[in-house]
Amino acid sequence: MVSTRADLADLETFVAIARAGGFRKAAALRGVSGSALSHSIRGLEARLGVRLFHRTSRSISLTAAGEVLLAELEPRFLGIQAAMDLLDSFRSGPTGRVRVTTLRDAAELLIAPRLHSFRKSYPDVEVEVSVEDRFIDMVAEGFDAGIRYGGTVPEGMIASRLTSELEWIVVGSPAYLNERGRPARPEDLLTHECIRIRTGTDHLCKWELGDGDRMVSLDVPGLLTLGDSELSIRMAEEGGGLFYCLQARVEDKLAAGSLEVVLPDWTSTGPGFHAYYVSHRQVPSALRTFLDYLKAPVAGD
């Protein structure tokens, strides 16, 4: 019979390990050692009289008993969290922790201009932002929400639009363009040195120019492939090649003259930034408040 507080704590630990997919990940998220979690689960298994995990030196998986227990416990613990979240309406403001994984472009354009004022407005909300262009398993890594471009939100997640559509352009430095010439048509890009970038799904990004029926998609050539837009912009400024990026990321460079727009008549629009999160019956108030804040205009805009 499971009835003590220790039993309930170990059951919650069991759910956390199953969600994370391993003792090490769950331990990192909780700030404890993997051996401490392993000790808790061994004690729980001894008291229950059943094995919950198959363990090898490289991986763990749920036993049949573990799968049954997880199916029963997970919705109940989510229900407890939802009940606790309901208490926020009785407080003066939202509290708790918000963990978000985001693209670097969204971190620079969306989060950075608002984060300081959010912290001043909601001092009881703890915010953790992880900047990662690669897709990660948001649930397994313990994040509350992710931010990606619309159309790339993982299946099974609830998506919430944060911005309107975004403008994409090709840029190059005046020095590079004076030496290599200025493309007149999209196809001219195929004879240029282009700085390529990998998407979050590890595919090389194709450059889409124009909109609607006029849109052209090109697999451009280039000997330089970078995994970071900030570094790519720096290389374009230094004459390393042409780069395809969000116009908002380089407006200051365009104004300063260190970059110029290539093929200005072929600017394209793409989906804006979207937040995504697991479909819970109730989104925690701290997360809801943070995402709503990201939708608001920056002071002075």
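When residues in region 29-60 are screened for being open to solvent by 60 Å² or more (accessible area, probe 1.4 Å) and part of a strand (DSSP E or B), 2 of them pass. Tell me whether region 157-167 contains one or more residues that are touching a His at 6+ places or on another chain (Cβ under 8 Å), among the small types (Gly, Ala, Ser), in contact (Cβ under 8 Å) with a residue 40 or more places away in the chain and assigned to a loop (DSSP other than H, G, I, E, B). No, region 157-167 contains no residue that is touching a His at 6+ places or on another chain (Cβ under 8 Å), among the small types (Gly, Ala, Ser), in contact (Cβ under 8 Å) with a residue 40 or more places away in the chain and assigned to a loop (DSSP other than H, G, I, E, B). For region 183-199, a tally of residues being exposed (fewer than 14 other Cβ atoms within 10 Å of the Cβ) and not in a helix (DSSP H, G or I) returns 2.
The residues of region 245-286 that are touching a Ser or Thr at 6+ places or on another chain (Cβ under 8 Å), assigned to a helix (DSSP H, G or I) and of a type outside the set (Gly, Ala, Ser), listed by number, are 247, 249. Within region 1-48, can you find the residues that are aliphatic (A, V, I, L, M), closer than 20 Å to residue 140 by Cβ and modelled with pLDDT of 80 or more? If the condition is that a residue be aliphatic (A, V, I, L, M), closer than 20 Å to residue 140 by Cβ and modelled with pLDDT of 80 or more, then 11, 15, 16, 17, 18, 20, 26, 27, 36, 37, 41 are the ones that fit.
Of everything in region 89-130 that is of a type in the set (Ser, Thr, Tyr) and under 15 Å from the mean Cα position of the chain (by Cα), the residue that is surrounded by the fewest Cβ atoms within 10 Å (Cβ to Cβ) is 130. The condition (being within 30 Å of residue 14 (Cβ to Cβ), touching a Gly at 6+ places or on another chain (Cβ under 7 Å) and β-branched (Val, Ile, Thr)) is satisfied by just one residue among 153, 125, 139: 125.
For the structure I just gave you, tell me whether residue 270 is touching a strand residue (DSSP E or B) at 6+ places or on another chain (Cβ under 7 Å) and in contact (Cβ under 8 Å) with a residue 40 or more places away in the chain. Even if it seems obvious, please write down each step before you answer.
Working: touching a strand residue (DSSP E or B) at 6+ places or on another chain (Cβ under 7 Å): yes; in contact (Cβ under 8 Å) with a residue 40 or more places away in the chain: yes.
Yes; evaluated as a whole, the condition is true for this residue.
Applying a threshold of 6 Å to beta carbon distances and a minimum spacing of six or more residues, or different chains, the list of pairs starting in region 124-139 at a residue that is not assigned by the TED database to the domain that holds residue 227 and ending at one that is part of a strand (DSSP E or B) and open to solvent by 60 Å² or more (accessible area, probe 1.4 Å) reads 126/97.
To keep it simple, each residue is scored yes or no on (1) modelled with pLDDT under 95; (2) surrounded by 14 or more Cβ atoms within 10 Å (Cβ to Cβ).
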| position | (1), (2) |
| --- | --- |
| 234 | no, yes |
| 242 | no, yes |
| 251 | no, no |
| 255 | no, no |
| 260 | no, yes |
| 263 | no, yes |
| 296 | yes, no |
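Against the criterion of being assigned to a helix (DSSP H, G or I) and of a type in the set (Asp, Glu), residue 202 does not qualify. Candidates are the residues of region 69-79 that are hydrophobic (A, V, I, L, M, F, W, C) and modelled with pLDDT of 80 or more; the one that is surrounded by the fewest Cβ atoms within 10 Å (Cβ to Cβ) is 71.
The values are calculated or read from the model by the stated rules, or taken from the named source; none is laboratory data. Quantities reported herein were computed from a predicted structural model and do not represent experimental measurements. Don't worry about glycine lacking a Cβ; one is built from the backbone with ideal geometry, like all the others, and counts go over all protein chains shown. All accessible areas refer to the heavy atoms of the entire protein, side chains included, with ligands and DNA or RNA removed. Shrake-Rupley method; radii C 1.70, N 1.55, O 1.52, S 1.80 Å.
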